[in-house]
Amino acid sequence: MADGNAAPTRKIEGQKTLLGRTMHAIAYDEVHDEFMVPQQFAQAILTFRGAARGEEAPVRVIQGSKTQLVSLDRLAYDPVHGEIFVPEGEKVLVFPRAANGNVAPVRVLGGKGSSLRASAAAVDTVRNLLVVMGGERNDPRFEIYNRTDEGNAKPLRVIGGPKSGFRQLGGPFAVYPPKGWIIASDRGHGELVSDIAYVGVWSVEDNGDVPPRWRFGGPNGVLKMPRGITLDPKNKNVLVSDKRLNAVMTFAFPELF
């Protein structure tokens with residue numbers, strides 16, 4: 001694993017890439033060796049070759065009035081069913097992997113009048129579930145749906161409340177389908193540097209006001225403002241990016257796997 005000031009193997013940049021400043025998510029498709037990112041300013045989803053380098057244009061762009069994309073910030077990819085999930089506030093938009101151009105979503109969860117407030121999403125491909133991070137700023141929660149739910153479907157389960165420990169859920173989260181775990185960061189109340197930020201683990205079968213099964217960080221811990229989370233099952237590690245530390249940290253977590 002690279003560390004210190006190691007140079008990247010490749011980088012893509014320049015006008016032809018259509019990349020912008022506020023891209024807060026990335027998803028990799030291992031089967032087709034492609035990766036996708038949301039482009040908020042262009043209201044678009046950009047898909048690149050896995051081996052892209054330099055000023056290389058995306059191989060596909062989902063963009064236009066039919067897409068319903070407005071202020072997309074994050075996305076998730078389901079490699080089993082080949083679908084892209086985009087949380088858009090009161091909606092979660094679903095597109096086929098190979099969609100290109102001005103195309104309508106194949107499904108829309110939520111919509112006008114919905115209580116959904118989606119900020120991030122992930123798929124449990126083993127149990128065929130969609131996990132949505134949402135809620136109001138002072139009432140964050142996870143809502144768990146059937147993967148194919150659409151319209152104003154009600155969640156199967158909701159995790160949230162004082163015992164959950166949620167203060168301000170930190171952004172993209174991870175789901176580990178083999179065990180049904182939800183791994184998420186909480187950065188406290190939004191302080192510039194928090195001494196209570198932590199990473200917690202819940203089950204997709206949890207419901208109601210339940211505490212995490214495991215947690216690390218917390219008072220006087222190393223985490224200050226955790227944002228992104230990804231998993232390394234082969235080495236039984238959890239990787240966490242921290243905005244205030246400007247770092248990506250690797251934690252051994254064999255119990256999770």
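When the trypsin sites (Lys or Arg not before Pro) in region 86-134 are filtered for DSSP coil states and for at most 10 other beta-carbon atoms within 10 Å of their beta-carbon, the remaining sites are LYS112. When the listed pairs LYS16/LYS224; LYS11/LYS234; LYS16/LYS112; LYS91/LYS179 are checked against a 31 Å cut-off, the alpha-carbon distance exceeds it for LYS16/LYS224; LYS16/LYS112. Applying 0.36 nm per residue to the separation of VAL106 and LYS236 and subtracting their alpha-carbon distance, the gain on full extension is 43.3 nm. Distance from the Cα centroid of region 35-61 to that of region 8-29 is 6 Å (rounded to whole angstrom). Only one of the values (i) 118; (ii) 131; (iii) 163 was calculated from this structure for volume of the Cα convex hull per residue in Å³; name its label. The value computed from this structure is option (ii). Size of region 1-136 from its Cα atoms: along the principal axes, largest to smallest, the extents are 47, 33, 28 Å.
Taking the chain as a Gaussian network of alpha-carbon nodes connected by springs under 10 Å, the highest mean-square fluctuation of the residues ALA99, ALA51, ALA42 belongs to ALA51. Under the classification rounded if a/c is under 1.5, otherwise prolate if a/b is larger than b/c and oblate if not, where does region 13-62 fall, given a ≥ b ≥ c as square roots of the Cα gyration tensor eigenvalues? Here region 13-62 falls in the oblate category.
No lab work stands behind these numbers, since they all come straight from the coordinates. Note that the structure is predicted; figures quoted are calculated from it, not measured. Cβ atoms come from the backbone with ideal geometry, glycine included; neighbour counts cover every protein chain shown.
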